[in-house]
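Here's the structure, in structure tokens; my notes come after.
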Amino acid sequence: MIEESRARELAAEFAKGKSSEMELAIAPEPPVRRGNVAYFACQSTEFLRTGNWRDMAIGNGPVAVDLVTGECHMLGAVEAAEMEL
């Protein structure tokens, strides 16, 4: 099982290249865990720095990290809402 700190690193690496419009980063709050998957909130680095809603990334969801394999994928906003994340 992958530790939370390593899962956060994997999520951060995964999020870096996911948007051509803005740089994405993992938010500092703890992940939501469901079974063997940790869901890390993902937001624009500018929003995380400033807190200004105009800098927010919209339409993306969290980065899911499989805590067994380390595989990552990003959820969309609708999928995240349906999962109540």
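The values are calculated or read from the model by the stated rules, or taken from the named source; none is laboratory data. Bear in mind that the values here come from a model prediction, so they are computed numbers and not experimental data. So basically every Cβ, Gly included, is an ideal-geometry build from the backbone, and we count neighbours across all protein chains shown.
Pick from the stretch 36-56 the residues that are in contact with a helix residue (DSSP H, G or I) (Cβ under 7 Å, 6 or more places away or on another chain) and outside any strand (DSSP E or B): which of them is farthest from Glu84 (Cα to Cα)?
Taking the candidates together, the pick is Glu46.
For the stretch 57-71, which residues satisfy the criterion of being within 20 Å of Met1 (Cα to Cα), in contact with a helix residue (DSSP H, G or I) (Cβ under 7 Å, 6 or more places away or on another chain) and not in a strand (DSSP E or B)?
Within the stretch 57-71, Leu67, Gly70 qualify.
Within the stretch 7-24, does at least one residue satisfy the condition of being without any contact (Cβ under 8 Å) to a residue 40 or more places away in the chain and in contact with a Lys or Arg (Cβ under 8 Å, 6 or more places away or on another chain)?
Yes: one or more hits.
Identify the residue in the stretch 17-56 that is among the basic types (Lys, Arg) and either crowded, with 20+ Cβ neighbours inside 10 Å or under 17 Å from Leu75 (Cβ atoms) (or both) and, among all such residues, is modelled with the lowest pLDDT.
Looking at residues that are among the basic types (Lys, Arg) and either crowded, with 20+ Cβ neighbours inside 10 Å or under 17 Å from Leu75 (Cβ atoms) (or both), I get Lys18.
Would you say Arg8 is charged (D, E, K, R) and under 9 Å from the mean Cα position of the chain (by Cα)?
So Arg8 passes the test.
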